[in-house]
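Here's the structure, in structure tokens; my notes come after.
The values are calculated or read from the model by the stated rules, or taken from the named source; none is laboratory data. Computed from a prediction, not measured in an experiment: that's the story for all the values here. Just the protein is used for accessible areas: all its heavy atoms, side chains included, with ligands, DNA and RNA removed. Shrake-Rupley method; radii C 1.70, N 1.55, O 1.52, S 1.80 Å.
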Amino acid sequence: MLHFDSGTLFPRHLRLALAVLMEGVKVVPEQYSKALDEAFGYIEIFLQNNKYIAGDSLSIADLNIFASITNASVLVPLDEVKYPNIKRWKKLFESLPYYNIHKEGLEIYKKLINEALS
């Protein structure tokens, strides 16, 4: 699952983030939103029969993929109706004691992206 993050999810998010932050893109191009939505779809499938990303125990993959999903969702909002397994998993993750560490960084990232998009 770490390979999925590093080879699929994170690069799709990174391409879009760089376009916004470095190239001045102000509207998310459809090809980027479709690519991220496809990656979200794979994660939804991974979570069908698992409590966490790689099984029934929290792993480093959950930490990585949670960060990638929440950061990517700043640019391409996650449809929680379309992806109920991801919604459930996110709520589970948000209840963990170290979620606040991630939340601090996410808020900084949101501010940076919103400034770049405005």
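Which one, (1) 0.96; (2) 0.98; (3) 1.03, gives Rg/Rh (Cα atoms, Kirkwood Rh) as derived from the coordinates shown?
(1)
Once you keep just the Cα pairs under 8 angstrom separated by 6 or more residues, what percentage relative contact order results for the chain?
36 percent
Want the number for Ile101 to Gln48: 0.36 nm per residue separation, take away the alpha-carbon distance, what's left? Can you show the working numbers first?
Details: separation 53, 0.36 × 53 = 19.08 nm, distance 2.71 nm.
Residue separation times 0.36 nm, minus the Cα-Cα distance, leaves 16.4 nm.
Just how much of Arg15 is accessible, in Å², when a 1.4 Å probe is used and the result is rounded to the nearest 10?
The accessible area of Arg15 comes to roughly 130 Å².
So for Ile101, Ile60, what's the accessible-area order with a 1.4 Å probe, most first?
Ile101, Ile60
Quick check for the chain: number of Lys pairs with alpha-carbon distance under 16 Å, counting only pairs 8 or more apart or on different chains?
Taking the Cα cut-off of 16 Å, the pair count is 11.
Hydropathy at least -1.0 by Kyte-Doolittle, axial extent at least 20 angstrom from the Cα trace: which helices of the chain, defined as entire DSSP H runs, fit?
Membrane-span-like by this criterion, though nothing is claimed about a membrane: 30-46, 60-75, 99-117.
Keeping all protein chains in place, calculate the accessible area per residue for the chain (probe 1.4 angstrom), answer in Å².
57 Å²
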